[in-house]
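Visitor: Before we start, here is the structure in question, set down as structure tokens.
The values are calculated or read from the model by the stated rules, or taken from the named source; none is laboratory data. Remember, predicted model here, so these are calculated numbers, not experimental data. Note that we place each Cβ from the backbone using ideal geometry, even for glycine, and neighbour counts take in every protein chain shown.
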Amino acid sequence: MTQIFKQKSHTPLAVITTIFYCALLLAASQAQVFAQTAWPTKPIKIIVPFAAGGPGDVLGRTLAFELANAFGQPFIVDNRAGGGGNIGTDVVAKSPNDGYTLVLGTVGTHAINKSLYSSMPYDPQKDFAPISLVAELSNVMVVNAINANARGINNVADFIKYARANPDKINAASAGNGTSSHLAIELFKTMAGVSMAHIPYRGSGPALTDLMAGNVDVMFDNPLSAMPQVKAGKLKALGITSAQRSRAFPDIPTVAEAAPLKGFVVNTWFGLLAPAGTPAEVVNRLQQEVANALNNPAVKERLLVQGGATPKASTPQEFAGFIDTEIIKWGAIVKASGARAD
């Protein structure tokens, strides 16, 4: 026993120090693993910055359902409409960066609005941690079916002819200032040489309701929300704003097929973002599950059939770079159109 105690008393200090630091590193590593596996421990909110019933709402609820199954926690969609998407998006920009509040951003909230508004409540690049793109899709030009039949409007060329014969009598609805549906109106007016009054709404749903009621004349809306009304006979689709015809709706011509609109293309996108400073491990886990959901054949087919949406997952880094290029692209379009939201 004496010999044993004597050996312990002469253990080098360096060895003891090394053992001590190894223990600390192991504990820190275990704590990190615990932190990663502990999230999420409560429901996660996905803010859709537009009214219910629109394409963002459809995509948000589809994504929420898939993520809830993946994480075992509820993902709750919260519609916060207004300000061309700025109001709801700003809520997320100023939320705690703990991974429990996310936003389904759009081409409007994270690309167009920066040029369209003279003052923004948030910075679309600095105030967010991009997670992943979710989907890309084109708009569809739709009119009230009853009014279109009465006016002899069966295609884009007919619409242009009617608009030129009735200057300043066309009201064009949009999902809000800064949305792709707004910029599509401005681009159409410029290229077609027609005059239309822009009527912004707090989302696609309310705008479509007024279009179906005949209170407005035309809208460039996402197929996810517009095509069910076309199939129901309430709206008439005149053209798709993509460069080529949609695989989901091959019978609808592109807007660009009607002279003088060659080159008319307006696409939109949606993506998931968190507040800036959200832990990288949380962002990466969300990105992985978003990618898994969008690679699910059933989800792909559902989005394509419902509205011609193309699921498009990305890495956080790819999404950040994409936002940078989109801000430049749409800034040039806003400048050329002369559109302003305030």
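Visitor: All but one of (1) farther than 23 Å from residue 59 by Cα; (2) among the acidic types (Asp, Glu); (3) touching a strand residue (DSSP E or B) at 6+ places or on another chain (Cβ under 9 Å) hold for residue 318; which doesn't?
Guide: That leaves (1) as the condition not met.
Visitor: Tell me whether segment 12-22 contains one or more residues that are at pLDDT 95 or above and not assigned by TED's automatic domain parsing to the domain that holds residue 299.
Guide: no
Visitor: Also, I was wondering about something else. Looking at residue 281, is it part of a helix (DSSP H, G or I), more than 22 Å from residue 58 (Cβ to Cβ) and charged (D, E, K, R)?
Guide: Against the criterion (part of a helix (DSSP H, G or I), more than 22 Å from residue 58 (Cβ to Cβ) and charged (D, E, K, R)), residue 281 qualifies.
Visitor: Another question about this same structure. So which of 282, 290, 299, 305 ends up being of a type in the set (Val, Ile, Thr), closer than 20 Å to residue 242 by Cβ and in the same structural domain as residue 88 (by TED's automatic domain parsing)?
Guide: 305
Visitor: Any chance you could count how many residues in segment 66-91 are of a type in the set (Asp, Glu) and farther than 15 Å from residue 105 by Cβ?
Guide: Of the residues in segment 66-91, 1 are of a type in the set (Asp, Glu) and farther than 15 Å from residue 105 by Cβ.
Visitor: Could you tell me which of the residues 273, 224 is under 30 Å from residue 38 (Cα atoms) and either modelled with pLDDT under 90 or in contact with a His (Cβ under 8 Å, 6 or more places away or on another chain) (or both)? Let's see the steps before the verdict.
Guide: Numbers: 224 fails: under 30 Å from residue 38 (Cα atoms).
The unique qualifying residue is 273.
Visitor: Looking only at segment 206-220, count how many residues are surrounded by 21 or more Cβ atoms within 10 Å (Cβ to Cβ) and closer than 26 Å to residue 86 by Cβ.
Guide: As a first pass, look at segment 206-220 and keep what is surrounded by 21 or more Cβ atoms within 10 Å (Cβ to Cβ): 207-208, 211, 216-220.
Those left that are additionally closer than 26 Å to residue 86 by Cβ: 207-208, 211, 216, 218-220.
Final tally of qualifying residues: 7.
Visitor: Next question. Is it the case that residue 175 is crowded, with 24+ Cβ neighbours inside 10 Å, in contact with a strand residue (DSSP E or B) (Cβ under 9 Å, 6 or more places away or on another chain) and over 30 Å from residue 279 (Cα atoms)?
Guide: Criteria met by residue 175.
Visitor: Scan (1) under 15 Å from the mean Cα position of the chain (by Cα); (2) in a helix (DSSP H, G or I); (3) modelled with pLDDT of 95 or more for the single condition residue 303 breaks and write down its number.
Guide: All conditions are met except number (3).
Visitor: Here are some conditions: (1) in a loop (DSSP other than H, G, I, E, B); (2) in contact with a Gly (Cβ under 9 Å, 6 or more places away or on another chain); (3) modelled with pLDDT of 90 or more. Residue 260 meets all but one. Which one does it not meet?
Guide: (3)
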